[in-house]
Structures are given as C-alpha cells and as structure tokens.
Amino acid sequence: MGCLLPYMHPSAGDLRRVAKEDYVLSLHTQAGLPADEGASVMAHSQSISDKLLERILSSLSDDKAEDVVQINLQGKSSVADHMVIASGRSTRQVSAMAEKLTDRIKQEFGFTSKVEGKDAGDWVLIDTGDVIVHIFRPEVREFYQLEKMWLPAGGSASAN
C-alpha cells in the first residue's frame, strides 16, 4: 500500500522550515509505515514541490510578471528547494500578484504561505516552504540583485 501522507511544511508562527526529508520521514514513522516505503514518501514530497513550483510560475505568468527567474536551491540551502524572482511594473501590480498567488496556493494546496512586504509593494517575499518567491519593482530588484547572491559566478538560472 502506497503512502498517502502529503508534505505540509510547518508554516505557523515564526517556525522556520525543518529539513523536508526529516519532516516527511517522521510523518512516515509516526504512521507506522514500513521503512522500505521511505523512498516513495520522498518521491511524493518532491512531486508536490514540483507541482507547487509549476503553479507559482503559471500564476506569475497569468498576472503578467516580468523577468521571471527560477533558481534551484536543492543541495545549496535547507531553506527551500527553489527560489523564484519576478518583477512587477508598479507597487499595485506587485501587491496584486502576491495576493493572487497566495490565494491560489491556499485554494489548490490547502496551506497559508508566510508573506512579508505586501502592503508596501516594493518587494514582497512569499515563503511557501518548498519555494521562496520574491516579487519586486524593477528598481528595487536591481538594487538588491538577489540572483547574483544565489547563482555561481557565470551561472544562469531558468528564465521563464
């Protein structure tokens, strides 16, 4: 019998994300499932992470985000599996994209994302656990240059 336990990150309060593998495997153990099903639990968890990333990218595309960049963080950070950086043309568009994205995630995946900066609209950070999303006004994005912090020298990210 396959494992049907979904991966739900601990997003309540100020808890930071626990390593996904440890969290998923602890759920697996608590459920009393055989040890050999651990690989299927991790595959299921990765599948959810990939679906979440796909939905985030499609939501940003639907809302006309500009210069969308996807950075794979697997093996580089325990904070998340992916980072997405995008731009909006105005504070109003940045805030609206963030609000729509968090609503879509809640409706489709059943959890609330941690959001910071939505009211100001210059830079909104959305922490979904598996994917960290940054939505900037272009001037603010240029100032902080997050892509340069996470990409190797001369490296490139996936642009959508």
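Just so it is clear, none of the values below were taken in a lab; they were calculated from the coordinates. All values reported here derive from a predicted model rather than from experimental measurement. Please note: Cβ atoms are built from the backbone with ideal geometry, for glycine as well, and neighbour counts cover all protein chains shown.
Select from region 43-112 those trypsin sites (Lys or Arg not before Pro) which occupy a DSSP coil region and have at most 14 other Cβ atoms within 10 Å, ordered by residue number. In loop regions of region 43-112 (DSSP not H, G, I, E or B), the sparsely surrounded trypsin sites (Lys or Arg not before Pro) are K64, K76, R89.
As a proxy for reagent exposure, S58, S95 were ordered by neighbouring Cβ count within 10 angstrom, fewest first; the result is S58, S95. Which entries in K64/K118; K64/K106; K51/K118; K51/K76 show an alpha-carbon gap greater than 22 Å? Beyond 22 Å: K51/K118.
Would you list V79, V133 from fewest to most Cβ contacts within 10 Å? Don't skip to the answer; put the middle values down first.
On the way: V79 12, V133 29.
Sorted ascending by nearby Cβ count, the order is V79, V133.
Sort D67, D130, D119 so that the residue with the fewest other Cβ atoms within 10 Å of its own Cβ comes first and the one with the most comes last.
Ranking D67, D130, D119 by Cβ neighbours within 10 Å, fewest first, gives D119, D67, D130.
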